Every structure is written in C-alpha cells, then in structure tokens.
Amino acid sequence: MLSEKEKQERLEMAGSESLLYDMRRLKAVSKNAFVRDGKTDIDLYIEFLNAYNDFINHRQKPFKRIKESKMIL
C-alpha cells in the first residue's frame, strides 16, 4: 500500500511535462519484434515460441484424447 506522501508524489509526477515528453519519445522509438511490414509475422512468432521452449527445456507432452462422454460447461 502506498503512503499518502507516495501517492502525492506520483500525482505530481503524472502531471510533469518532462515525464510526458520522455514517455512519448520512448513510445516513438519502441517496436514490436514480431511485426514485419506493418503486419504480425506469425511464422516469426512461432519460431520464437519454439526457441523459447528449447531454451527453458520444456518438452512437449504427448497428446491425450479426452475420453469424457458427459461434459458440462
């Protein structure tokens, strides 16, 4: 929980012109790593997920078919 002093400091910072300027500059130069030519590149995203799984050594579990005959949502 924030103290009253911390809350007041954050409110003052939120109105800061320099902070607003800095945040706008950060947004202008940031980029999404999975966007190519203005569109999301699904193949690139899947490659990333596969590489990440390899990195964390997460082996895929074998598929098991659901055998439930009465399913209630």
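The values are calculated or read from the model by the stated rules, or taken from the named source; none is laboratory data. None of these values were measured; they are calculated from a predicted model. Neighbour counts are summed over all protein chains in view; Cβ atoms, including those assigned to glycine, are modelled from backbone coordinates with ideal geometry.
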Of the residues that make up the stretch 5-18, is at least one in a loop (DSSP other than H, G, I, E, B) and free of Cβ contacts under 8 Å to residues at least 24 places away in the same chain?
yes
Which ones in the stretch 25-42 are at pLDDT 90 or above and over 18 Å from the mean Cα position of the chain (by Cα)?
Arg25
Residues of the stretch 52-73 being of a type outside the set (S, T, N, Q) and surrounded by 10 or more Cβ atoms within 10 Å (Cβ to Cβ), which ones?
Tyr52, Asp54
Against the condition in contact with an Asp or Glu (Cβ under 7 Å, 6 or more places away or on another chain), surrounded by 10 or more Cβ atoms within 10 Å (Cβ to Cβ) and of a type outside the set (Gly, Ala, Ser), how does Phe34 come out, does it pass?
yes
Close pairs (8 angstrom Cβ cut-off, 6 or more residues apart or separate chains): closer than 21 Å to Ala33 by Cβ in the stretch 45-73, exposed (fewer than 10 other Cβ atoms within 10 Å of the Cβ) anywhere:
Phe48/Ala33; Asn53/Gln60
Might you check whether a residue that is of a type in the set (A, V, I, L, M) and either at positive phi or part of a loop (DSSP other than H, G, I, E, B) (or both) occurs anywhere in the stretch 42-52?
no
